[in-house]
Amino acid sequence: MMLSPHFALSEFLVSETAAREGIDNTPSPEIIEQLKRTAALLEEVRTLLGGQPIIICSGYRCLELNRAIGSSDTSQHIQGQAADFTCPGYGTPLQIAEAIYAANPPIEFDQLIHEFDSWVHISWGDDCRMMCLTINESGTNYGLA
């Protein structure tokens, strides 16, 4: 099932942890509707990044899967409102995050997180806080670095 021109539902559901631990990560129809909005957000990002393919490393996570990887129960991944991704054809995760932050016209997001210099997290929700963070071995810091 395609959620948008470039993103299939299956890309948002892949999880080695779910496969290894036998966790059913099947989203409800309501979550699929949320994932369509997340895919639309990633379409905006893909356009900004020159049409380069985006690789989703984490999308939807049911509560059981989210807990299995040690994430917070308030994660927007549980609602289908977040994705972690890379775009090797564009650049590093920091370059990607900086491009999203500087986009004109702006790409509206709730959180944009440069994580461990390995991937970018982007989420949306009822609030549009435009919050930019960096998470690394030292902890969480406001701003991109």
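Annotations
- Here is the figure for region 111-129: residues that are within 14 Å of the chain's Cα centre (by Cα) and either of a type in the set (Gly, Ala, Ser) or farther than 20 Å from residue 86 by Cβ (or both) total 3.
- Verdict on residue 35 being of a type outside the set (S, T, N, Q), part of a helix (DSSP H, G or I) and farther than 21 Å from residue 135 by Cα: yes
- Residue pairs whose Cβ atoms lie under 6 Å apart, separated by 6 or more positions or on different chains, with the first residue in region 108-119 and farther than 14 Å from residue 142 by Cα and the second assigned to a loop (DSSP other than H, G, I, E, B) and of a type in the set (Phe, Trp, Tyr), are 109/124.
- Note on region 44-76: residues that are aliphatic (A, V, I, L, M) and more than 13 Å from the chain's Cα centre (by Cα) amount to 6.
- Filtered by the rule that a residue be surrounded by 15 or more Cβ atoms within 10 Å (Cβ to Cβ), touching a strand residue (DSSP E or B) at 6+ places or on another chain (Cβ under 8 Å) and part of a loop (DSSP other than H, G, I, E, B), region 70-96 gives 75, 76, 77, 81, 87.
- Yes/no for residue 110 being in contact with a strand residue (DSSP E or B) (Cβ under 8 Å, 6 or more places away or on another chain) and of a type in the set (Asp, Glu): yes
- Within region 88-107, the set of residues being within 30 Å of residue 29 (Cα to Cα) and without any contact (Cβ under 8 Å) to a residue 40 or more places away in the chain comprises just one member, 106.
- Restricting attention to region 4-16, the residues that are outside any loop (DSSP other than H, G, I, E, B) and either surrounded by 15 or more Cβ atoms within 10 Å (Cβ to Cβ) or of a type in the set (Lys, Arg) (or both) add up to 4.
- Complete set of residues in region 94-112 that are of a type outside the set (A, V, I, L, M) and in contact with a helix residue (DSSP H, G or I) (Cβ under 6 Å, 6 or more places away or on another chain): none
- Residue check for residue 32: surrounded by fewer than 21 Cβ atoms within 10 Å (Cβ to Cβ) and either free of Cβ contacts under 8 Å to residues at least 40 places away in the same chain or among the basic types (Lys, Arg) (or both): no
- Test result for residue 67, without any contact (Cβ under 8 Å) to a residue 24 or more places away in the chain, surrounded by fewer than 19 Cβ atoms within 10 Å (Cβ to Cβ) and assigned to a helix (DSSP H, G or I): yes
- Filter result (more than 15 Å from residue 67 (Cα to Cα) and of a type in the set (Val, Ile, Thr)) within region 4-26: 14, 26
- Single match in 99, 40 (criterion: buried (at least 16 other Cβ atoms within 10 Å of the Cβ) and not in a loop (DSSP other than H, G, I, E, B)): 99
No lab work stands behind these numbers, since they all come straight from the coordinates. Small disclaimer: the values here were computed from a predicted structure and weren't measured. With ideal geometry, Cβ positions are generated from the backbone for all residues, glycine too; neighbour counts draw on all protein chains shown.
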